[in-house]
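Accompanying notes for the structure given below.
The numbers here are math on the coordinates, done by the rules we state, and not lab data. Here the structure is a predicted model, which is why all the values come from computation and not from measurement. Positions of Cβ are generated from backbone atoms using ideal geometry, with glycine treated the same way; all protein chains shown enter the neighbour counts.
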Amino acid sequence: MAKLVGFWVSPFVLRVSWALKLKGVEYEFIEEDIFNKSPLLLELNPIHKKVPVLVHGQNVIIESFVILEYIDETWKNCPLLPQEPCDRAKARFWAKFAEEKLMDSAWLAMCSQGDEKEKALNSSIEALEKIEEELKGKAKFFGGQNIGYLDLALGWIAYWLPVWEEVGSMIILDPIQFPCTIVWMENFLNHPIIKENLPPRDEMVVYFHKRSKEIAALIASSRKG
Ligand SMILES: N[C@@H](CCC(=O)N[C@@H](CS)C(=O)NCC(=O)O)C(=O)O
Ligand SMILES: *[C@@H]1O[C@H](CO)[C@@H](O)[C@H](O)[C@H]1NC(C)=O
């Protein structure tokens, strides 16, 4: 049976869980304490020491986007990536774009204050404008009628980003500015497999409050030193 080494609140891990569940793959979930890493994690992922790690027979696969592709190529039912090379390329592009341009700046905005927060918020909104454009005219999901690779890759926007907004007392997902994104979020969160596989929101709020304070302290001390 496949094994997934993960962490309950990690958006990188959840996208892999969603893919496995959509494909109907049975797997064992091994919860990792990322603040006190197990010998198992260090052995499986000595390079980054991060979750998720997928273990499938002798194969050890790391990096959530790489794992999604491995899953899609190994279990062919319910294809996640589109069929056409150009559409596949686009899906990969937007997954990476959101990770680099939106996730990083939204996370920084949650953890920072003042000018730095405003700058990070501006970058987040700028990135989301591009994603909103990409969604215009789409059916239910990025991939059309069925949930696919890009939906899973961007799924954190639907569930984690609103929590980060709450924790950081900020607004990124303005419904007037981002109507297509808001509709997509609803479609995504209402999908039966997604709905059943989300961490409890109240526990997430507590967790990210704590994390954002710790990271704010780290940022402040690195300035002084
Ligand atoms: N790019 C990686 C990111 C994975 C990642 O950052 N995982 C976090 C959990 S949310 C982790 O394991 N952190 C431990 C650490 O950074 O030491 C992926 O997509 O899989
Ligand atoms: C953020 O964007 C607003 C509106 O576009 C602009 O007035 C402001 O100067 C920007 N702030 C920073 C720190 O870049």
Based on the mean of other Cβ atoms within 10 Å per residue, sort peptides 143-151, 80-88 so the most packed one is first. 143-151, 80-88
Label I219 and E31 with points 7 Å out from Cα along Cα→Cβ: what is the distance between them in nm? 3.0
Mean-position separation - Cα centroids, segment 101-131 and segment 54-91, in angstrom: 29
Quick check on segment 78-125: take the gyration tensor over C-alpha atoms, sort the square-rooted eigenvalues as a ≥ b ≥ c, and tell me if it's rounded (a/c under 1.5), prolate or oblate. prolate
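Note down, for segment 85-216, the three equivalent ellipsoid semi-axes (square root of 5 times each alpha carbon gyration tensor eigenvalue), biggest first, whole angstrom.
Numbers: eigenvalues 123, 61, 32 Å².
Largest first, segment 85-216 gives 25, 18, 13 Å.
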Output ordering of 45-56, 129-140 (per-residue mean of other Cβ within 10 Å, highest first) is 45-56, 129-140
When the scattering of segment 18-175 is computed by the Debye formula from its Cα atoms alone, each counted once and equally, what is log10 I(q)/I(0) at q = 0.13, 0.14, 0.16, 0.21 Å⁻¹? -0.74, -0.85, -1.05, -1.33
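Exposure proxy check: R201, R15, R92 ranked by fewest other beta carbons within 10 Å? Could you put the intermediate results ahead of the total?
Values: R201 13, R15 22, R92 17.
Ascending number of Cβ neighbours within 10 Å: R201, R92, R15.
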Would you list the membrane-span-like helices of the chain, meaning whole DSSP H runs whose alpha-carbon atoms span at least 30 Å along their axis and whose mean Kyte-Doolittle value is at least 1.6? none
Can you tell me which aspartates and glutamates have their Cα less than 19 Å from the Cα of K76? Leave out same-chain residues fewer than eight positions away. E26, E84, D87, D151
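Under the 0.36 nm per residue contour assumption, what length would be gained going from the current alpha-carbon distance of I171 and N77 to full extension? Display every interim value, and only then the final one.
Details: separation 94, 0.36 × 94 = 33.84 nm, distance 3.84 nm.
Stretched fully, the I171-N77 segment lengthens by 30.0 nm.
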